[in-house]
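Computed from the coordinates by the stated procedures, all read-outs in this text should not be read as laboratory data. These figures come from a predicted structure and were not determined experimentally. Because the Cβ atoms are built from the backbone with ideal geometry, glycine has one as well, and the counts that use them run over all protein chains shown.
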Number of protein chains: 2
Amino acid sequence: MPTSRSYGDACGIARALDVVGERWALLVVRELLFGPQRFSDLRRGLPGASSNLVADRLRELTARGVVQRRKLAPPAGSWVYELTEWGRELDPVIVALGHWGLRVPLPEAPVTLGPVSVLLYLRTAGRPAPGDDSSVQIDFDGRVWTARTSGGQVRIEAGEAAGADAVLHTDPATLNALLEDPDGLDAALAGGSATVAGELAAVRRLIGSVAAASA
Amino acid sequence: MPTSRSYGDACGIARALDVVGERWALLVVRELLFGPQRFSDLRRGLPGASSNLVADRLRELTARGVVQRRKLAPPAGSWVYELTEWGRELDPVIVALGHWGLRVPLPEAPVTLGPVSVLLYLRTAGRPAPGDDSSVQIDFDGRVWTARTSGGQVRIEAGEAAGADAVLHTDPATLNALLEDPDGLDAALAGGSATVAGELAAVRRLIGSVAAASA
DNA sequence: CCGCATCCGTTTCGATACTG
DNA sequence: CAGTATCGAAACGGATGCGG
């Protein structure tokens, strides 16, 4: 008899790994943490995963109740994948795992860094001033998120913001570098790897909130 | 060589999974959460894993700095595996994952349940009264742990306790059932699936602390 | 016995190619 | 764009062997 893939263990940890322990599964969940994504956007966020792998994981996670498939309203009409309520409860688990993993040395080149990973880092590590209530739209090569600061926290949502104080256009690697060294912003703006429309001060406060927290 | 299996992603989550994302890896860490274990005891706690799998994971986790190998002082003289300081920091991650996994339906029979899993559940879910300061030694088929209650928490340590208030001798499945239904203790004692020496009241308080927390 | 290493059939992964 | 089909390479899982 071929052994089942299940660990056959009643422990909650093993049961969780029965569902999200397969290779790539938690990274698919990571990509969905900030909202629904289309298949091709998921692939862009997981460049190392082949298409059948992504399709397999989505099918399994959907069957297990972690992910659900939904059709966007017309005129878009395309299909998106999103976390279920239960799937969203993986958020603190994934954040805790990611914090632990920061001490792992970077893998050999070439190393990728997707939009979701950087925004997750911003949301987790950023500690804006409690009185800082602003919203910055972040454009990554055509895909758009919004970072809102309020109550000393950063919240990330997919899509454009109505009435954003600023729009930051850059790429994930540049933003990641700016989170670790906010003083690089002027050079990035001068060099064209980042552009800002609207209130530059709001962008400064946002990207400075990570370094401020570790200081 | 293992870089071919790496996700090649700079995100902390992916880097963590590069280290503990392989099959069985986190369950090996789970087994070590309460202290050093010998190879054969590890195998007993992971009945579904073949010996080479356990040896492989231990070697990888040791090479990555999550686990270390140590020789016990004479006269024992045998080797044990234990978590490094960094490895112990996986504790909250594993607990959070295990809590999430409680909602996964139990796998098909046969289902195992090891000592560490039950004790982890006791430590995570137990909320003893703040004034309850006692220690219960728990014997599982020759392997011994100690559960101490103090400050409204349960702490678990491997090995015997000096001056334990009671000794509970049972098996993991029985203890797990008792944590979910403490009223079954008298029946378990009468049926012989559990025996208690010393202060029975301390054992009652300990196993009742889980149900009390969920009430 | 304990602590692995080796062998081998089965399953999964990962890259490329292909279809609606 | 959104997946499926295919195939070689790796990893898994079980059994067995071997030195202390």
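One table, with the values for the structure above:
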quantity	calculated
Residue among A:Pro92, A:Pro36, A:Pro110 with the largest mean-square fluctuation in a Gaussian network model of chain A, springs linking Cα atoms under 10 Å	A:Pro110
Rel. contact order, % - alpha carbon contacts under 8 angstrom, at least six apart, chain A	15 percent
Of all DSSP beta bridges in chain B, antiparallel share, percent nearest 5	80 percent
10 Å Cβ neighbours from other chains, averaged over peptide A:107-117	4
The protein assembly as shown: C-alpha gyration tensor shape, a/c 1.5 cut-off, then a/b vs b/c	prolate
Shielding by partners - mean other protein chain Cβ count within 10 Å, residues of B:87-100	6
Between region A:121-149 and region B:146-215, the Cα center-to-center distance that results, in Å	48 Å
Dipole in debye (nearest 20) - the protein assembly as shown, about Cα centre, beta carbon charges: Lys, Arg +1; Asp, Glu -1	760 debye
Fluctuation leader among B:Ile94, B:Ile156, B:Ile138 - chain B, Gaussian network, Cα springs under 10 angstrom	B:Ile94
Neighbourhood charge, 12 Å Cβ-Cβ cut-off, centred on B:Pro105 and excluding it, Lys, Arg +1 and Asp, Glu -1	+1
Residue with peak Gaussian network fluctuation, chain B [Cα springs, cutoff 10 Å], from B:Ala188, B:Ala162, B:Ala202	B:Ala162
Fraction of beta bridges assigned by DSSP in the protein assembly as shown that are antiparallel (%, nearest 5)	80 percent
Cα-based shape type of region B:76-184, given that a ≥ b ≥ c are square roots of the gyration tensor eigenvalues and the cut on a/c is 1.5	rounded
Unit charges at the beta carbon, dipole of region B:1-133: most positive-side option, B:Tyr7, B:Leu26, B:Ser78	B:Ser78
Inter-copy separations for B:Ser51, label at 7 Å along Cα-Cβ, nm, ascending	4.6
Charge dipole of the protein assembly as shown about the Cα centre (unit charges at C-beta), most positive-ward option of A:Ala147, B:Leu42, B:Leu175	B:Leu42
Dipole moment magnitude, nearest 20 debye, chain A about Cα centre, only Lys, Arg, Asp, Glu C-beta charged	720 debye
Charge context of A:Glu22, other residues only, Cβ under 13 angstrom, K/R +1, D/E -1	+2
At 7 Å out from Cα toward Cβ: B:Asp186 inter-copy label distances (nm, ascending)	7.9
Average partner coverage of A:18-31, which counts Cβ from other chains inside 10 Å	4
